[in-house]
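Asks: Sharing a structure, written as structure tokens. Questions coming.
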Amino acid sequence: MTDEPSAEPAVVEGTVIEAAQAAAGPAVPASAIVLRADQDEFDHKQVSTLALISPGLADAPRGHLAMFFHYCVRTGLDPFARQIYMIGRTNWKAADNPDEPEKTWTIQTGIDGFRTVAHRAAAKAQEPLSYEDTVYYDSEGNAHDVWLSKAFPAAIKVTVLRGTSRFPMIARWDEFAPTYYDRKSSAYVVARMWQQMPAHMLRKCAEAGALRMAAPQDLSGVYVDEEMERADAEGVAREAEEATQRLRAAAGLEAANGAASDPGVDAPVGEQDASAVKAAPKKRARPAKKDSPAPQQGAGSESEDTPGATQRTPRKRAAPSRRAAS
């Protein structure tokens, strides 16, 4: 199978299969995890190795692993060198819809991998690939050639040129910048790397979108890490919020604020019933204390309607007899 050329190498052209064989030479045995030309999916050793890079990948459905294998072959990126990987995220829609999967899987890579694939696709089509000057925009919509302000850029525009076509992409700060909840300041803050290099991080998102438009056959369905950081931040915030609600419900804080009585609060049913039983005697005891002195000042007709009126009647009849005697 390796003595004569066939159509198989054309399918995996540029992948780690050919790169490893060319670098190692015929005298060096192939690695146990390197992708082979006769493969159509990952084997057990390869999946176990990939799970070390992306925890939870071993539990991914076989269909998603087959799709990941297809992207590795199509893009020519090495998953074992961390050039491309598949990450599973909790699907929050599954809590309300049983038809939704518990996890959603996203294939990601770095911006260098995007550039490699896009340049390779353009070279294969014998088309030049280049960039226009990057344009930075402030909050007022003014364009800048270089971003020197300490404030965050409102948007960045990257335009990729392939052949005679032009592919512009504008990335807005509000759409990509990830925010996390800071317990010390009790507020949401921008992620650290985005604070230190805001223009650089946002530019990667704009460049990835432009390259994806310039090479859709090779990069569709693949995202750079910076594009998915906002999704990761929202997932962390969602998990932290649910954990906080569970802790408050367990400590009884939600019941004190009246939130535990709502159906949406994740408080145990036993705790809700117990709080209701304890609150009932307090509400019944307050009217009893207010009504106790009423029989001494009220009329006789009112005392007859109340319980225990037979015990109070002799006291009210004795009052006229004393006045008559005097």
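Asks: Would you be able to say whether some residue in segment 12-22 is at pLDDT 50 or above, of a type in the set (Asp, Glu) and surrounded by 13 or more Cβ atoms within 10 Å (Cβ to Cβ)?
Replies: yes
Asks: Would you call residue 209 touching a helix residue (DSSP H, G or I) at 6+ places or on another chain (Cβ under 9 Å) and on the phi > 0 side of the Ramachandran plot? Reasoning before the result, please.
Replies: Working: touching a helix residue (DSSP H, G or I) at 6+ places or on another chain (Cβ under 9 Å): yes; on the phi > 0 side of the Ramachandran plot: no.
For residue 209, the condition - touching a helix residue (DSSP H, G or I) at 6+ places or on another chain (Cβ under 9 Å) and on the phi > 0 side of the Ramachandran plot - is not met.
Asks: Does residue 83 satisfy being crowded, with 18+ Cβ neighbours inside 10 Å, touching a Pro at 6+ places or on another chain (Cβ under 9 Å), among the polar types (S, T, N, Q) and at pLDDT 70 or above? Break it down stepwise before answering.
Replies: Working: crowded, with 18+ Cβ neighbours inside 10 Å: yes; touching a Pro at 6+ places or on another chain (Cβ under 9 Å): no; among the polar types (S, T, N, Q): yes; at pLDDT 70 or above: yes.
No.
Asks: Residue under question is residue 73, and the condition is that it be surrounded by 12 or more Cβ atoms within 10 Å (Cβ to Cβ), in contact with a Ser or Thr (Cβ under 7 Å, 6 or more places away or on another chain), in a helix (DSSP H, G or I) and among the aliphatic types (A, V, I, L, M); does it hold? First the steps, then the outcome.
Replies: Values: surrounded by 12 or more Cβ atoms within 10 Å (Cβ to Cβ): yes; in contact with a Ser or Thr (Cβ under 7 Å, 6 or more places away or on another chain): yes; in a helix (DSSP H, G or I): yes; among the aliphatic types (A, V, I, L, M): yes.
Here the answer is yes, as residue 73 does meet what is asked.
Asks: In segment 189-220, which residues are in contact with a Ser or Thr (Cβ under 8 Å, 6 or more places away or on another chain) and of a type in the set (Asp, Glu)?
Replies: 218
Asks: Answer with yes or no whether residue 42 is farther than 30 Å from residue 206 by Cβ and aromatic (Phe, Trp, Tyr). Lay out the reasoning, then the answer.
Replies: Values: farther than 30 Å from residue 206 by Cβ: yes; aromatic (Phe, Trp, Tyr): yes.
Yes, satisfied.
Asks: Of the residues that sit in segment 81-127 and are part of a strand (DSSP E or B) and among the charged types (D, E, K, R), which one is farthest from residue 163 (Cα to Cα)? Explain how you work it out, then say what you get.
Replies: Keep residues of segment 81-127 that are part of a strand (DSSP E or B), which gives 84-90, 103-109.
Next cut, among the charged types (D, E, K, R) only: 89, 103.
Values: 89: 37, 103: 39 Å.
So the residue we want is 103.
Asks: Kindly indicate which of 41, 100 is at pLDDT 85 or above and touching a helix residue (DSSP H, G or I) at 6+ places or on another chain (Cβ under 7 Å). Step through it out loud before you land on a result.
Replies: Working: 100 fails: at pLDDT 85 or above.
Just one listed residue meets the conditions, 41.
Asks: Can you confirm whether segment 181-190 contains a residue that is of a type in the set (S, T, N, Q) and either under 19 Å from residue 155 (Cβ atoms) or under 21 Å from the mean Cα position of the chain (by Cα) (or both)? Give the derivation first.
Replies: We begin by selecting, within segment 181-190, every residue of a type in the set (S, T, N, Q); these are 185-186.
Narrowing the set further to residues that are either under 19 Å from residue 155 (Cβ atoms) or under 21 Å from the mean Cα position of the chain (by Cα) (or both) leaves 186.
Checking segment 181-190: at least one residue is of a type in the set (S, T, N, Q) and either under 19 Å from residue 155 (Cβ atoms) or under 21 Å from the mean Cα position of the chain (by Cα) (or both).
The values are calculated or read from the model by the stated rules, or taken from the named source; none is laboratory data. Because the structure is a prediction, the values reported are computed rather than measured. Quick reminder, even Gly has a Cβ in these numbers, built from the backbone with ideal geometry, and neighbours come from all protein chains shown.
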